[in-house]
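Enquirer: The structure under discussion is supplied below as structure tokens; questions concerning it will follow.
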Amino acid sequence: MEFNNNIPIYLQVIDKIKQDIVSGKLKPGDKMPSSREYSYELGINFNTVARVYKELENEQILFTKRGLGTYITESREQIEDLRYRMAKNLIVSFIEGMKQLGYSKKDMIKFIEIENNNIERIE
Amino acid sequence: MSRLIINELTKKYYNKIALRNVSLNFEQGKIYGLLGPNGSGKTTLMKVVAGLHKQTSGHVLINDQVLSYKTKSYVSYMPTENYLYSSFKVVDILKFYKDMYKDFRYDYALNLLNDINVKLDYKVSNLSSGETAKLKTVIALSRDTDIYLLDEPLNGVDVLARDTIMDIIAKSYGENKIIIISTHLVSEIEKVLDTVVFLKEGAVELFFDAEELRQERQMSVEGIYKEVFGND
């Protein structure tokens with residue numbers, strides 16, 4: 001994983017784990033590496049990983065089984081909710097950005113359709 | 001409980017001031033970067049803490065004890081220069097350390113060197129500069145002690161060997177240990193640091209948490225380093 005040193009590393013790792021959960025790369029109930037292993041794997045500071053796990057536990061995306069390790073939530077509902085929140089964030093920042101560029105709602109939707117068609121054609 | 005407290009430390013060499021009134025508090029479970037250009041006092045600070053140089057004034061407390069022959073056992077110091085006997089084989093260096101330090105983890109060192117492909121039967125004089133740097137780092141981190149001082153572990157080392165050295169350092173992290181790394185290769189090392197100390201002309205210029213800096217100023221450690229030292 002490549003990091004941008006201008007952005008808190010823990011936020012970048014949180015985003016990556018969330019992406020991997022939503023995309024299915026990480027499955028509900030999967031065991032995460034220990035903080036130590038994970039920090040070693042990513043080549044980052046141990047305390048950074050400990051913080052990532054703590055924040056994701058607070059968000060109920062990860063949970064700890066005492067003495068066994070850290071796991072990804074088994075709740076599909078929780079993962080659906082995560083997908084929804086991530087999508088919402090993208091849309092909100094998209095809309096805000098487009099408004100700043102002076103686009104109306106109608107133009108935005110038209111723009112999305114055109115670009116989506118372009119992408120589908122390439123794929 | 002490992003703790004290192006430096007209080008109003010000043011070190012003069014004749015009329016040259018190497019450290020000016022340095023006060024710092026190091027906590028266990030953290031990796032610290034001691035950063036600054038050449039001549040900013042990094043090595044002097046490490047040598048005083050390691051008990052190799054005597055301070056002119058101020059004091060250093062290691063695990064609540066003032067510097068003495070006793071505190072030396074709490075500190076593993078890796079000097080920047082190549083101090084290993086060049087006619088020794090790698091394995092003999094390890095045996096030497098095992099005899100010298102009762103906290104030296106011989107098997108731990110053997111395994112680490114094995115993992116990173118440093119040949120045990122090679123003479124030190126036949127090692128590349130990258131291999132020598134790896135060996136030095138492994139030796140320093142194989143002592144089971146509280147405080148590790150690594151002076152310029154990435155100096156004169158190619159990119160791949162740098163990654164290996166960073167891995168060895170990350171692997172050596174412990175909740176009850178303090179690791180202090182001096183370097184001027186900031187971008188290479190900043191991902192593994194908790195806390196950063198900038199030394200400028202022997203004085204503490206900045207002391208900050210790396211993630212807080214990124215969060216509050218959207219800036220890398222390297223970015224602020226250039227801002228602070230760029231005009232020198």
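Enquirer: I need the Debye-formula profile for the stretch B:1-92: one equal scatterer per C-alpha, no solvent, reported as log10 I(q)/I(0) at q = 0.15, 0.24, 0.25 1/Å, two decimals.
Expert: One equal scatterer on each Cα of the stretch B:1-92 leads to -0.65, -1.34, -1.41.
Enquirer: Kirkwood Rh over alpha-carbon pairs of the protein assembly as shown, then Stokes-Einstein at 25 °C and 0.890 mPa s: what D in µm² s⁻¹, rounded to an integer? Walk me through the numbers before you get to the answer.
Expert: On the way: Rh = 23.0 Å.
D = 107 µm²/s.
Enquirer: Going by how many other Cβ atoms sit within 10 Å of their own, how do B:Val60, B:Val91, B:Val157 line up, fewest first? Each step should come with its number before you reach the end.
Expert: Working: B:Val60 20, B:Val91 16, B:Val157 23.
By the 10 Å Cβ count, ascending, the order reads B:Val91, B:Val60, B:Val157.
Enquirer: Starting at 0 and stepping by 5 Å, how many percent of the alpha carbon pairs of the stretch A:70-123 end up in each bin?
Expert: Taking all Cα pairs of the stretch A:70-123, the binned fractions are 4, 16, 15, 17, 16, 13, 9, 7, 3, 0 percent.
Enquirer: Let me ask something additional. Count the net charge of all other residues whose Cβ sits under 12 Å from the Cβ of A:Met1, scoring Lys and Arg as +1 and Asp and Glu as -1.
Expert: For residues surrounding A:Met1, the net value is -2.
Enquirer: Can you sort B:Leu4, A:Leu101, B:Leu45, A:Leu11 by how many other beta carbons sit within 10 Å, fewest first?
Expert: Result, fewest neighbours first: A:Leu101, A:Leu11, B:Leu4, B:Leu45.
Enquirer: Over all distinct alpha-carbon pairs, what is the Kirkwood Rh of the stretch A:9-74 in angstrom?
Expert: Working: mean 1/r = 0.0852 Å⁻¹.
11.7 Å is the Kirkwood radius here.
Enquirer: Along the charge dipole of the protein assembly as shown, which of B:Tyr74, A:Met108, B:Gly156 sits closest to the positive end, that is, farthest toward it, with unit charges on the beta carbon of Lys, Arg, Asp and Glu (+1, +1, -1, -1)?
Expert: B:Tyr74
Enquirer: Consider just the alpha-carbon atoms of the stretch B:95-161 and return their Rg together with their Dmax, both in angstrom.
Expert: Computed over the Cα atoms of the stretch B:95-161, radius of gyration and Dmax are 12.0, 34 Å.
Enquirer: Sort A:Met98, B:Met1 so the one with the fewest other Cβ atoms within 10 Å of its own Cβ comes first.
Expert: Values: A:Met98 16, B:Met1 8.
Ascending Cβ contact count within 10 Å gives the list B:Met1, A:Met98.
Enquirer: With a ≥ b ≥ c taken as the square roots of the eigenvalues of the C-alpha gyration tensor of the stretch A:47-91, please select rounded if a/c is under 1.5 and otherwise prolate if a/b is larger than b/c or oblate if it is not? Write down the numbers at each step before the final one.
Expert: Working: a/c = 4.00, a/b = 1.59, b/c = 2.51.
Because a/c hits 1.5 or more and a/b fails to exceed b/c, the stretch A:47-91 counts as oblate.
Enquirer: What longest region of chain B stays clear of chymotrypsin sites (Phe, Trp or Tyr not before Pro) that DSSP places outside H, G, I, E and B and that have at most 13 other Cβ atoms within 10 Å?
Expert: Numbers: sites that count: B:Tyr14, B:Tyr69, B:Tyr83, B:Tyr85.
Result, exposed sites excluded: B:86-232.
Enquirer: Another question, then. Sticking to Cα atoms, compute the Rg of the stretch B:115-232 to one decimal and its Dmax as the biggest Cα-Cα distance, whole number, in Å.
Expert: According to the Cα coordinates of the stretch B:115-232, Rg and Dmax are 15.8, 50 Å.
Enquirer: While we're looking at this one, here's another question. Give me the dipole magnitude in Debye, nearest 20, for the stretch B:27-165 about the Cα centre, with unit charges on the beta carbon: positive for Lys and Arg, negative for Asp and Glu. Show your work: numbers first, answer last.
Expert: On the way: 17 positive and 16 negative charges, 67 e Å.
In debye, rounded to 20, the stretch B:27-165 gives about 320.
Enquirer: Grab every C-alpha pair in chain B, bin the distances at 5 angstrom width from 0 up to the longest one, and report whole percents.
Expert: Result returned by the calculation: 1, 6, 15, 18, 20, 17, 12, 8, 3, 0, 0.
Enquirer: Binned at 5 Å from 0, what are the whole-percent values of the Cα-Cα distance distribution for chain A, short to long?
Expert: For chain A, the pair-distance distribution reads 2, 9, 16, 17, 15, 13, 10, 9, 6, 2, 0.
Enquirer: Between beta-carbons, use under 14 Å as the cut-off and find the net charge around B:Gly156, counting Lys and Arg +1, Asp and Glu -1. Kindly include the intermediate steps, with their values, before the conclusion.
Expert: On the way: positive: B:Lys134, B:Lys136, B:Arg162; negative: B:Glu81, B:Glu131, B:Asp151, B:Glu152, B:Asp158, B:Glu188.
Local charge sum for B:Gly156: -3.
Enquirer: Within the stretch A:1-105, list the trypsin sites (Lys or Arg not before Pro) lying in a DSSP loop whose Cβ has at most 12 other Cβ atoms in a 10 Å radius. Could you put the intermediate results ahead of the total?
Expert: Details: sites: A:Lys16, A:Lys18, A:Lys25, A:Lys31, A:Arg36, A:Arg51, A:Lys54, A:Lys65, A:Arg66, A:Arg76, A:Arg83, A:Arg85, A:Lys88, A:Lys99, A:Lys105; in loops: A:Lys25, A:Arg66.
Qualifying residues, ordered by number: A:Lys25, A:Arg66.
Enquirer: Near B:Phe26, within a Cβ-to-Cβ distance under 15 Å, what is the net charge of the other residues, with Lys and Arg +1 and Asp and Glu -1?
Expert: On the way: positive: B:Arg3, B:Lys30, B:Lys42, B:Lys177; negative: B:Glu27, B:Asp64, B:Asp146, B:Glu175, B:Asp194, B:Asp209.
The answer is -2.
Enquirer: Given charges of +1 on the Cβ of Lys and Arg and -1 on the Cβ of Asp and Glu, with all other atoms neutral, how large is the dipole of the protein assembly as shown about its Cα centre, in debye to the nearest 20?
Expert: Details: 48 positive and 50 negative charges, 177 e Å.
Here the protein assembly as shown has a charge dipole of around 840 debye.
Enquirer: With n ≥ 4 as the cut-off for DSSP H runs, can you work out [θ] at 222 nm for the protein assembly as shown, using -39500 (n - 2.57) per run divided by the number of residues, rounded to the nearest 500?
Expert: Numbers: 13 runs with 155 residues, N = 355.
Computed ellipticity for the protein assembly as shown at 222 nm equals -13500 deg cm²/dmol.
No value in this document is a laboratory result; all are computed from the given coordinates. Note that the structure is predicted; figures quoted are calculated from it, not measured. Every residue, glycine among them, receives a Cβ derived from its backbone with ideal geometry; neighbour counts consider all protein chains shown.
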